[in-house]
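In what follows, a structure is listed as structure tokens, so that the remarks can point back to it.
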Amino acid sequence: MSPDVPILEVQNITRRFSGLVAVNNVSFAVRTGEIFGLIGPNGAGKTTLFNVITGLTPPSSGQLRYGQTSLNQLRPHQIARLGVARTFQNLRLFGNLSVLENVAIARHLHIHTGLVQSIVGTRAAKTEERQTALKALEILELVGLASKAEQTARNLAYGDQRRLELARALALQPQLLLLDEPAAGMNPNEKGALSQLIHQIRDRFDLTVILIEHHVPLVMGLCDRIAVLDFGQLIALGKPEAVRHDPAVIAAYLGGE
Amino acid sequence: MGNFLDSYGFLIVSTFWGALLGLSVYLPLMAGQLSLASPGFYALGGYIAAILSTQVLPHSGETYPFGFVLLEMGVAGLVSAVLAVILGIPVLRLRGIYLAIATIAFVEILRVLALNLEITGGAIGIFSIPQPFRSPVGYLWIALPLLVLTMVLLYRLEQSHTGRVFRAIREDELAADTMGIDPTYYKVLSFTLGAILAGMVGAVSAHFFNTWNAKQGTFDNSIIYLAFVLSGGSRTFVGPVVGGMVLTALPEVLRTIANIGGIPLWLGGFLQAMRLIIFGLLIVLGSMFYPQGIVTPELLNRLKLAFRKQPKRIST
Amino acid sequence: MQKLLEIQNLSVNYGAIQALQAIDLFINEGEIVTLIGANGAGKSTTLKAISRLVNPVGGRIFYQGQDVTRMAAHQVVRSGIAHSPEGRRVLTRQTVLTNLELGAYGRSDRLGIKADLEKQFLTFPRLGERRQQLAGTLSGGEQQMLAIARALMSRPKLLLLDEPSLGLAPQIVLEIFAVIRQLHQQGVTILLVEQNANLALQTANRVYILEAGQLTLTGNAAELLTDERVRQAYLG
Amino acid sequence: MLRRRVILPILASLFTFVLVVACTQANAPTGTSTSSAGDSGGAAGGNPIPIGIAVAQTSNVALLGQEQVVGAKIAEEYFNQEGGVNGTPIRLVFQDTAGDEQGAINAFTTLITQDKVVGIVGPTLSQQAFAADPIADRAKVPVLAPSNTAKGIPQIGEYIARVSAPVAVVAPNAVKTALKIDPNIKKAAVFFAQNDAFSKSETETFQKTVQEQGLELVTVQKFQTTDTDFQAQATNAMNLKPDLIVISGLAADGGNLVKQLRELGFKGLIIGGNGLNTSNVFSVCKQLCDGVLIAQAYSPELTSPINQKFREAYKAQNKKEPPQFSAQAFTGVQVFVEALKALDTKTKLSTLSPEQLRTELNTQILAGKYETPLGSISFDPEGEVNQSQFYVAQIKMEQDGSNGSFKFLN
Amino acid sequence: MDITLFLQQFLNGLSIGSVYAIFAVGYTLVFSILGIINFAHGAVFTLGAYFTYFLSGGAVGTNGLLANLALPFQFSFAIALLLGSILSGLSAIAIERLAFRPLRLKGADPLLTLVSSLGAALVIVNVLQYLVGAEIYTFSEGIYGDLPASINLGTAERPIMIRTVQIIIFGVSAVMVGILTYGIGFTRMGKALQAVAEDATTASLLGIDPERFITLTFFVSGFLGGMAGALVGSSVSIASGPYFGIAYGLKGLGVIVLGGLGNIPGAIVGGMVIGLAEAFVPTDFSGYKDAIAFAILFVMLLVRPQGLLGRSRIQKV
């Protein structure tokens, strides 16, 4: 896709939950290759919007386009198959699986041996299994978890779990990566490292990143553009500098007097 | 030894069936699906074998051809698979206890059908089912390879990507979905594998019990098979095998204890009368003291470590 | 001033994750103390440890000089600590009135309860209007008011407030903070967890800053409001 | 702590294994005998001869099994007092079959391989017989079925015989008697418990008889033995205005059906199948049982000496008339004892190997003729019982409905 | 179908349904608070019938350990019913302590309580059999005084007969449901109970001790279950002995799921729906009567998994 074409178009998306309007008529487009920030106070509808994009909650109305494809009717695994990966704010790791297995699961789309082959243990299956493990380790290396590959995921420290979420999403080899508060619970040093890592990942894998984050300095430093949600509505969209000085944003987000 | 096998042949083979039926509940549970449909497929498999062997497959001579039994098992497995797919696609949209109850409904409906249909013989069922072996011990020729094979396949399944996918769905279906995994496909797959196993065990069991009727495969069995899995341990296939064997054998072991020579008569009589009470108590206490089941992956790892000096290397 | 609540060395784990690592804090009688920090830093966990919704793995909690570390949650309330939890958690299938009545569950003084009900309706007139409505049908702001009012129904000495501004319109947030100040003036001691650091610092007497389960900074709220580090980290 | 969690299960399984092995090695007398035979009367010494009783002592079939246990125990005591088998006492070994096939097979296997019985009386249900009898047949251990009435039981094998007359023989009498009582009967409705093998077999005979007698069969209603509420089905049947209702079920369900039919206003004759042939029915339908016709294979009022003794012994213990199930279990034991006696007279039992004993015993059983509480019986070569007398009784309840009796009509 | 038959079957359906309903209310109550199914509820139903039987002067039969035992005194049926139900409630508390609480405190898989409650049921049933045998026990004739066995609600020519005992069961069920509805909906305790059912954590923040209310719930559940058992027993005898309640356990499961798990009005509606459906099974299909409940249930689970009156739950992502 050429850089000018939006990779993701969100058009008039609304999502209601029994009376509550979580996302209200939001429209924006994300350009291929950019790091796009989504900010707003807790409960502003950011995560709901992520859920709508990844097919976990269907939109009440509006259109979602991924390149030329409409995402409206697709189920999560079909959207993942198109190249959209995400992480979860409240960590949805496969807790009883090992770190390596968590990443290997995400290689699902790149594994082609079926049940029978892998049970019989054909050479192709073995080769592929080895390649999966290698690839998974490579990704773990990148996020700095290679040494913990054999540990059970739920035994990891909080920051490591966040990194594992990221590694797992990367293992899908997505074109669009949605990160829901990737730095939550990290200390300032870790946050800095993470910020660098996200940049690095974007460049290395040619990704587009959409990121929800609370930590304002991190967002400001990292993102090419930022959208601000408040009460489900898009109240600002633009370069970090512009958004930062937008009075509506200051009122909503900083709760200024 | 001959005496031992005469006395306990039936029980030993029964424990193998227990293990296999436990595994048939465990398979869908691997993918997080609490299905209690196994007794339904078990009953279905039994009827298929009973009808085929008494009405369709011709045989002469004292013993029923071994190959025919295998054929029946194949047919039972196939029919179960087809039914499981048809049933599984709508039913597996349900979660947790709702799925369990829908599968119980399926089992009950099958039971009432079996009571009413002509071909299943109603309450009397089908009897004089021909025997491929001279004594119950002979069924070890089927039970042992079937159990070993199933365990090997399950071991490999657990190591394979598919097994990993099952576990991922069990841990977090939505997260797995966003990893590009189609949960429906894998849920139906695990459900179907369990159904095939139950159907095949049903087919041999019809021969093993000499007769087959609508009491085979009822709601009670649903819960008992679940008990096999949960008390054995539901996170590795070794659990249901151990649970199925122990819980099948336990009432009979209690009967045997009551029969030991040295035990005073009153105690023997007491034990025999109390054996189901003790069985029930053991189930309650077992749940209390082994909430994870007897066999857990951690236990297996420790056992492995005990036998092997070095920890297992990552296979890269 | 007397220490109403004191926490020593408190640690909480969720499985292998250390949510709180040996934190110490105290609250004097009559103070508003606020706890700020990023998501996942352990703010809510601190409140939950106080109201005994989670079990600490180490450390002790003293309330009015008494060790309450091993008390059951429902006893903590009766001893005078009310907790308005994160996400409000009103009983959606009950009416506003029932929610409030249940807030006074540990009390048996009928007249006092009645008087307190009226008091809440005075403080939150909108709840009065909707007293027969199911709590689930209230708006977010109204639910937050209900959660606070319900907590007050136990006549607490110490009120634990978890993110009262969560998901609310600025106008309503201001309203709620006005009520918080009003309660403070009436003599209720308050421990406030808040993501809106600006507002929290403007409201509180003292502040603790939590980062990844550890206390990193503490001090006078007014001073920290102008502290460069805090501005950098939380005020943008 | 960790280590304990590994060791405990291993210890437990080892323990189990040791026990199992220990039991096989134990040659000491096994099984749970109810009364120590040597003390119980005039019988002289000698090792008591073990006879297995495999009936349902637990599960929801226990109601029937309990009656069989009582009958068998009376027989044990009675025959040992009479001198046992020419001076050697018998010893009954009870193994619980519970209500399922697996339990029946386990009980039979234990009796055969561990208790080394000469023969078995059991099991309670026909379905269980289809499962367990082949085991005994292959081990060449004679079995007398005390209550298996379904078609095909004696045909399971040469070692299988029964003292319970098949329903096909018993049931028609009741319909004929009903027509004798009320020749105006035109329409009949049939009810049966579809999950009970016994009732299913019986109803087929009833339905056939009803049609052969020229009656119109207006409806066949199916229910389950676990059902207790029949209002809807009774209403449906009564709506078709039958003059006669024929019920095949067991005591609780059958009794409730009778009760509810009457309460809802059914005035015609009711025939109960053999499953209702127990005084347990009285307590269920009480006063409303009155007048129900029941086809039976046993009558407590039979005046033969053996029945008088059995009836007295039973009544002394249980304060009521003996039911058919007890009488049949008694008969099962009796047939074994008398066949053993006859065999012993020919060839001393102690000279026979266990295998020979069982084979010879089986031949002897089929050859003999027996005066039992059921009347005079013998067996055909397949093992089917030839019973000389069947009965149709009408229930007569006392005024207060608390107790009743079977009044025999022939 | 003519109108008399229709009315007759309609009333039959209601009366069968009321038995299902009163059984299911206690069943669903435990689910509402713990979110798990108590398989021992059927056994408590049986216990209630036995307790009431003995308290109203019944004697043990000849086959159990307690053969021929009877109380030296006897209560009137109403008192026996009340005491029997209380004893059932206490038994339910014992079951909770033995088979539920230890697992809950250990944080075990909630599914495991299916197994442990089944174990408890197995123990109860077999202990009963060991103690009092498998006989059918029938309540003595005069428990309902001099009432006729049935009442004609139609005319002499077109009778619509209803068994009196069914009217009594219907009435008592209605009263119990009324008391329960009042107790849960309008008393302080009841509201606290609802709070625990909706959100036990929040309830504890309000000073409500959830454990006490779990105990209370089991008591009420056992009380109602035991009373249902006694009433049904007075109508049809303790028909299958110690297994009396087991058959209800399975069908009751259908009833409570149909009505919406944990939903009390739902259990009543579910009971009535299944009772009526069974009453209107065409004559020629009587053999399929037992499958009706499950067929309805099966279809409904696929169409509306939350049950007739249940609420759908929004899944939190």
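The table for this structure:
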{"quantity": "Only listed residue being part of a helix (DSSP H, G or I), open to solvent by less than 50 Å² (accessible area, probe 1.4 Å) and within 14 Å of chain B (Cβ to nearest Cβ), chosen from E:128, E:47", "calculated": "E:128"}
{"quantity": "Residue satisfying all of: in segment D:299-323; modelled with pLDDT of 90 or more and closer than 30 Å to residue D:363 by Cβ; surrounded by the fewest Cβ atoms within 10 Å (Cβ to Cβ) among these", "calculated": "D:305"}
{"quantity": "Any hit, segment B:7-30, residues being at pLDDT 95 or above and more than 15 Å from the chain's Cα centre (by Cα)", "calculated": "no"}
{"quantity": "Complete set of residues in segment B:85-102 that are part of a helix (DSSP H, G or I) and either within 18 Å of residue B:193 (Cα to Cα) or more than 7 Å from chain E (Cβ to nearest Cβ) (or both)", "calculated": "B:85, B:86, B:87, B:88, B:89, B:90, B:91, B:96, B:99, B:100"}
{"quantity": "Filter result (more than 14 Å from chain A (Cβ to nearest Cβ) and buried (at least 22 other Cβ atoms within 10 Å of the Cβ)) within segment C:149-188", "calculated": "C:149, C:150, C:151, C:152, C:153, C:154, C:158, C:159, C:160, C:161"}
{"quantity": "Neighbours by Cβ (under 6 Å, 6+ apart or cross-chain): first from segment A:206-217, under 20 Å from residue A:9 (Cβ atoms) and touching a residue at least 40 places away in the same chain (Cβ under 8 Å); second among the small types (Gly, Ala, Ser) and open to solvent by 10 Å² or more (accessible area, probe 1.4 Å)", "calculated": "A:208/A:33"}
{"quantity": "Filter result (in contact with a helix residue (DSSP H, G or I) (Cβ under 7 Å, 6 or more places away or on another chain) and either in a loop (DSSP other than H, G, I, E, B) or charged (D, E, K, R) (or both)) within segment A:139-161", "calculated": "A:144, A:145, A:148, A:149, A:150, A:151, A:156, A:160"}
{"quantity": "All positions within segment E:200-239 that are assigned to a loop (DSSP other than H, G, I, E, B), more than 20 Å from the chain's Cα centre (by Cα) and among the aliphatic types (A, V, I, L, M)", "calculated": "E:206, E:208"}
{"quantity": "Among the candidates E:40, E:99, E:67, residue that is open to solvent by less than 10 Å² (accessible area, probe 1.4 Å) and either in contact (Cβ under 8 Å) with a residue 60 or more places away in the chain or under 15 Å from residue E:230 (Cα atoms) (or both)", "calculated": "E:40"}
{"quantity": "Residues that are open to solvent by 30 Å² or more (accessible area, probe 1.4 Å), facing chain B (nearest Cβ under 8 Å) and under 22 Å from residue A:175 (Cα atoms), drawn from segment A:102-159", "calculated": "A:109, A:134, A:137"}
{"quantity": "Residues that are among the polar types (S, T, N, Q), in a helix (DSSP H, G or I) and surrounded by fewer than 21 Cβ atoms within 10 Å (Cβ to Cβ), drawn from segment C:116-148", "calculated": "C:123, C:137"}
{"quantity": "Residue in segment B:165-181 that is open to solvent by 10 Å² or more (accessible area, probe 1.4 Å), basic (Lys, Arg) and in a helix (DSSP H, G or I) present", "calculated": "yes"}
{"quantity": "Segment B:206-253: number of residues that are more than 11 Å from chain D (Cβ to nearest Cβ) and part of a loop (DSSP other than H, G, I, E, B)", "calculated": "5"}
{"quantity": "Answer residue from segment B:292-316, given it is surrounded by fewer than 18 Cβ atoms within 10 Å (Cβ to Cβ) and within 8 Å of another protein chain (Cβ to nearest Cβ) and is modelled with the lowest pLDDT among those", "calculated": "B:316"}
{"quantity": "Answer residue from segment B:151-164, given it is under 17 Å from the mean Cα position of the chain (by Cα), surrounded by fewer than 22 Cβ atoms within 10 Å (Cβ to Cβ) and in contact (Cβ under 8 Å) with a residue 12 or more places away in the chain and is farthest from residue A:84 (Cα to Cα) among those", "calculated": "B:151"}
{"quantity": "Residue count for segment B:53-69, restricted to those that are outside any loop (DSSP other than H, G, I, E, B) and not small (Gly, Ala, Ser)", "calculated": "6"}
{"quantity": "Only listed residue being within 14 Å of chain C (Cβ to nearest Cβ) and modelled with pLDDT of 95 or more, chosen from A:52, A:99, A:30", "calculated": "A:99"}
{"quantity": "Number of the condition not met by residue E:136 [criteria: (1) surrounded by fewer than 21 Cβ atoms within 10 Å (Cβ to Cβ); (2) touching a strand residue (DSSP E or B) at 6+ places or on another chain (Cβ under 7 Å); (3) closer than 15 Å to residue E:238 by Cβ]", "calculated": "(1)"}
{"quantity": "Answer from D:335, D:292 - the residue that is over 17 Å from the mean Cα position of the chain (by Cα), away from chain E (no Cβ under 14 Å) and surrounded by 24 or more Cβ atoms within 10 Å (Cβ to Cβ)", "calculated": "D:292"}
{"quantity": "Some residue of segment D:262-270 being among the aromatic types (Phe, Trp, Tyr) and either within 9 Å of chain E (Cβ to nearest Cβ) or farther than 25 Å from residue D:66 by Cβ (or both)", "calculated": "yes"}
{"quantity": "Members of segment E:96-120 found to be under 19 Å from the mean Cα position of the chain (by Cα), within 15 Å of residue B:222 (Cα to Cα) and hydrophobic (A, V, I, L, M, F, W, C), listed by number", "calculated": "E:114, E:118"}
{"quantity": "Among residues of segment D:350-363, those that are in a helix (DSSP H, G or I) and more than 21 Å from residue D:379 (Cβ to Cβ), counted", "calculated": "4"}
{"quantity": "Matching entry among E:38, E:68 (being in a loop (DSSP other than H, G, I, E, B) and within 14 Å of chain D (Cβ to nearest Cβ))", "calculated": "E:68"}
{"quantity": "Residue check for residue E:84: within 12 Å of the chain's Cα centre (by Cα) and either polar (S, T, N, Q) or buried (at least 22 other Cβ atoms within 10 Å of the Cβ) (or both)", "calculated": "no"}
{"quantity": "Boolean, residue B:37 is within 14 Å of the chain's Cα centre (by Cα), touching a residue at least 24 places away in the same chain (Cβ under 8 Å) and crowded, with 24+ Cβ neighbours inside 10 Å", "calculated": "yes"}
{"quantity": "Selection count where residues are within 18 Å of residue D:366 (Cβ to Cβ) and open to solvent by less than 10 Å² (accessible area, probe 1.4 Å), scope segment D:134-171", "calculated": "16"}
{"quantity": "Residues being within 9 Å of another protein chain (Cβ to nearest Cβ) and either open to solvent by less than 60 Å² (accessible area, probe 1.4 Å) or part of a strand (DSSP E or B) (or both) - total across segment C:62-86", "calculated": "9"}
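For (1) assigned to a strand (DSSP E or B); (2) within 13 Å of another protein chain (Cβ to nearest Cβ); (3) open to solvent by 50 Å² or more (accessible area, probe 1.4 Å), each residue gets a yes or a no:
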{"position": "C:4", "(1), (2), (3)": "yes, no, no"}
{"position": "C:9", "(1), (2), (3)": "yes, no, yes"}
{"position": "C:13", "(1), (2), (3)": "yes, yes, yes"}
{"position": "C:18", "(1), (2), (3)": "yes, yes, yes"}
{"position": "C:25", "(1), (2), (3)": "yes, no, no"}
{"position": "C:33", "(1), (2), (3)": "yes, no, no"}
{"position": "C:39", "(1), (2), (3)": "no, yes, no"}
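The values are calculated or read from the model by the stated rules, or taken from the named source; none is laboratory data. Just so we're clear, the structure is a prediction, and the values are computed from it rather than from any experiment. As a convention, Cβ positions derive from the backbone with ideal geometry for all residues, glycine included, and neighbour counts pool all protein chains shown. All accessible areas refer to the heavy atoms of the entire protein, side chains included, with ligands and DNA or RNA removed. Shrake-Rupley method; radii C 1.70, N 1.55, O 1.52, S 1.80 Å.
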